[in-house]
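> Here you go, one structure.
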Amino acid sequence: MHKNYLVLGLLVLSFLGIADSWYLASKALFGGQLVCNIKGLDGCNQVAQSVYSHLFGIPLGLYGVVFYSLLFIFTALITTVSIKYAHDILAGLGIIGLIASLFFVGIQVFLIKAVCIYCLASGMISLGACVITVVLWKRYGTKISKKPSVVTIPGL
């Protein structure tokens, strides 16, 4: 797949992640119930009001906004500016996002025993973003030399 399509896909996923996370964050910050009426996935408000919905007093949705914004910014950077480690950082973000999403979905399923459709959407967005960032990294990331480095100590 061509780099432009991967980058466009990642920009779209980042934007969707920002929108999804902002909806969750705004409800947590300004109050109100989440619209969540899909049978079997209607535990949004139960999840959003659980003790697990905040980290250090900050709603998890706000962390999502920051995460997806960083993903968007670094994706935009790789298209406009040549930064040596941008693809590496992007892949790292993608992997961290996927791990965090899996962790939070696990909390929903095993501890809260309710599932939020918005959180699942974020998890799917994170999965797609992780796949794209790793593909971009494998194709365009900083290559690590396979040769062992020789360290010389002056005077020895």
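> Using only helices, what value at 222 nm comes out for the chain when you add -39,500 (n - 2.57) per DSSP H run of length 4 or more and divide by the total residues, to the nearest 500 deg cm²/dmol?
Computed mean residue ellipticity for the chain: -22000 deg cm²/dmol.
> Right, something else. Relative contact order for segment 3-140: what is it in percent, counting Cα pairs under 8 Å that are at least 6 residues apart?
Worked out over segment 3-140, it gives 36 percent.
> If you build a Gaussian network model of the chain, linking Cα atoms that sit under 10 Å apart, which residue out of Ile38, Ile132, Ile89 swings the most?
Residue with maximal mean-square fluctuation among Ile38, Ile132, Ile89: Ile38.
> Test of understanding: in a Gaussian network model of the chain with alpha carbons linked when under 10 Å, which of Phe110, Phe67, Phe56 would top the mean-square fluctuation ranking?
Phe56
> Right, next: Of the lysine pairs in segment 3-140, how many meet both conditions: Cα atoms under 19 Å apart, and a spacing of 8 or more in sequence or different chains?
Counting lysine pairs in segment 3-140 gives 4.
> Rounded to the nearest 20 debye, what is the charge dipole size of the chain about its Cα centre when +1 sits on each Lys and Arg Cβ and -1 on each Asp and Glu Cβ?
It comes to approximately 560 debye.
> Provide the FRET efficiency to the nearest 0.05 for the Val131-Leu8 pair, computing r from the beta carbons and using R0 = 22 Å.
0.95
> Could you give the nm distance between label points at Leu41 and Asp88, where each point is 7 Å from its Cα heading toward the beta carbon?
Output for this residue pair reads 3.7 nm.
> For segment 2-117, rounded, prolate or oblate, judged on the Cα gyration tensor with a ≥ b ≥ c (square roots of eigenvalues), a/c < 1.5 rounded, else prolate if a/b > b/c?
prolate
> Going by how many other beta carbons lie within 10 Å of each one, how would you line up Tyr118, Tyr63, Tyr68, fewest first?
Tyr63, Tyr118, Tyr68
> Oh, and also: Taking a Cβ-Cβ separation under 4.7 Å as the criterion for a possible partner, which cysteines of the chain have none?
Cysteines of the chain left without a disulfide-compatible partner: Cys130.
> Compare the Cα positions of His87, Ile18, Cys44 along the charge dipole of the chain (+1 at Cβ of Lys, Arg; -1 at Cβ of Asp, Glu; about the Cα centre) and return the one farthest towards the positive end.
About the Cα centre, the residue reaching furthest to the positive side is His87.
> So, one more: Cut-off 10 angstrom, C-alpha nodes, Gaussian network model of the chain. Which of Gly64, Gly32, Gly43 fluctuates the most?
Looking only at Gly64, Gly32, Gly43, the biggest GNM fluctuation is shown by Gly32.
Taken together, the values in this text are just the output of simple stated rules run on the coordinates, not laboratory data. Quick caveat, the model's predicted, so the values are computed rather than measured. Every residue, glycine as well, gets a Cβ built from its backbone with ideal geometry; the counts of neighbours run over all protein chains shown.
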